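The block underneath contains the structure these notes are about, expressed in structure tokens.
The values are calculated or read from the model by the stated rules, or taken from the named source; none is laboratory data. Since this is a predicted model, take the numbers as computed values, not measurements. Because the Cβ atoms are built from the backbone with ideal geometry, glycine has one as well, and the counts that use them run over all protein chains shown.
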Amino acid sequence: MKQGAPGASDSPLATKMIRGTRVPALGFGTYQLEGEVCRSAVRSAIDVGFRHVDTARMYGNEKEVGEGIAESGLDRGELFLTSKVWWDALRPEEIESEIDASLHDLATDHLDLALIHWPNPDQPLEESLDAFRRLKSEGRVREFGVSNFPPSLFERAVQLGGVFCNQVEYHPLLAQDELLALAREHDVLLTGYAPLAQGETIGYRELEEIAAKHGKSSEQVALRWLLEQDHVAAIPRSSKPEHIESNFDVFDFELDDDDRAVIDRLPKDRRQVDPSFAPDWEE
């Protein structure tokens, strides 16, 4: 599997190797993208060089994501495609039904990665993961994992076996040290969503100064900071072609120790996503 943009395929950061599977480290997120905007954005992202696309049943856009992929003409084997099952549909029979619906809407015969979108304390985790394990054995999903799992629950999921990824909010303004340590210990991918803190990284003087030094933007610095971390991927989202292209243009510079020290001193408690059904993040 290759990254398609000039320079990206030559970068050691373009992919992350997890348990023998090579994952494009920079993915394209599609949350809140709808209709023609979504279809066009996915097509633009693939044209720019993204080879990792992230969606979910809850987003209601899998059909448009599939159309954008089809219009790109990209061979399916060149794409790493992720979707997720919402937290209220985690009984085994529901998981199977939801995954089949995703495959239908995305017009594909498999997902490269299928995730539990949020934990559900009322549904036995063992049963849900068993359902994903069965889908993997049947080839409908290549890998499975979780999303928005705090440390103790993430470790429990890993111990139950087969978990490939934990997708969580992660950016220069939110620390995920414990989750990252667990991911590295167990050779699991930590995928950062909202990697630009939903725009909050823009305008930070410290990030702007680092960006100016490298001839980049603060958003590109934030993405580069994530990609330079072992076992970490990032999935920025945009509907604008110029921003999509800019988000992918992060493989031709490197942060130095001084840059990383400055970023380490930024606030690390600026969580953007915390719905009423969220778990205890410190658990």
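Here Val65, Val37 are screened, and the one residue that is part of a helix (DSSP H, G or I) and under 17 Å from the mean Cα position of the chain (by Cα) is Val65.
Just to be sure, is Ala56 under 26 Å from Arg22 (Cβ atoms), modelled with pLDDT of 95 or more and in contact with a His (Cβ under 9 Å, 6 or more places away or on another chain)? Against the criterion (under 26 Å from Arg22 (Cβ atoms), modelled with pLDDT of 95 or more and in contact with a His (Cβ under 9 Å, 6 or more places away or on another chain)), Ala56 qualifies.
Candidates Leu160, Leu189, Leu125, Leu153: the one that is in contact (Cβ under 8 Å) with a residue 40 or more places away in the chain, surrounded by fewer than 22 Cβ atoms within 10 Å (Cβ to Cβ) and not acidic (Asp, Glu) is Leu153.
Counting just the residues of the stretch 221-230 that are buried (at least 22 other Cβ atoms within 10 Å of the Cβ) and either at pLDDT below 95 or in contact with a helix residue (DSSP H, G or I) (Cβ under 8 Å, 6 or more places away or on another chain) (or both), which one comes out nearest to Gly199 (Cα to Cα)? Selected residue: Ala222. For the stretch 123-154, residues that are closer than 15 Å to Val188 by Cα, in contact with a strand residue (DSSP E or B) (Cβ under 6 Å, 6 or more places away or on another chain) and among the aliphatic types (A, V, I, L, M) total 1.
Out of all the residues in the stretch 267-283, is one or more polar (S, T, N, Q), over 14 Å from Ala194 (Cβ atoms) and crowded, with 18+ Cβ neighbours inside 10 Å? No: the stretch 267-283 contains no residue that is polar (S, T, N, Q), over 14 Å from Ala194 (Cβ atoms) and crowded, with 18+ Cβ neighbours inside 10 Å.
Working carefully through the options Thr82, Thr108, find the one that is in a strand (DSSP E or B) and of a type outside the set (A, V, I, L, M, F, W, C). Step by step, each of Thr82, Thr108 is checked, and only Thr82 is in a strand (DSSP E or B) and of a type outside the set (A, V, I, L, M, F, W, C). Beta carbons closer than 7 Å, at least 6 apart along the sequence or on distinct chains, pair a first residue in the stretch 100-118 that is of a type in the set (Val, Ile, Thr) with a second that is surrounded by fewer than 19 Cβ atoms within 10 Å (Cβ to Cβ) and assigned to a helix (DSSP H, G or I) for Thr108/Arg76.
Is it the case that Ser102 is part of a strand (DSSP E or B) and crowded, with 23+ Cβ neighbours inside 10 Å? The answer is no for Ser102.
Of the residues making up the stretch 154-196, those that are small (Gly, Ala, Ser) and not in a helix (DSSP H, G or I) are Gly161, Gly162, Ala175, Gly192, Ala194.
Output yes when any residue across the stretch 208-219 is under 30 Å from Pro119 (Cα atoms), surrounded by 14 or more Cβ atoms within 10 Å (Cβ to Cβ) and aliphatic (A, V, I, L, M), and no when none is. No, the stretch 208-219 has no match at all. Taken over the stretch 244-283, the criterion of being in a helix (DSSP H, G or I), within 20 Å of the chain's Cα centre (by Cα) and either touching a residue at least 60 places away in the same chain (Cβ under 8 Å) or closer than 21 Å to Leu81 by Cα (or both) is satisfied by Ile244, Glu245, Asn247, Phe248.
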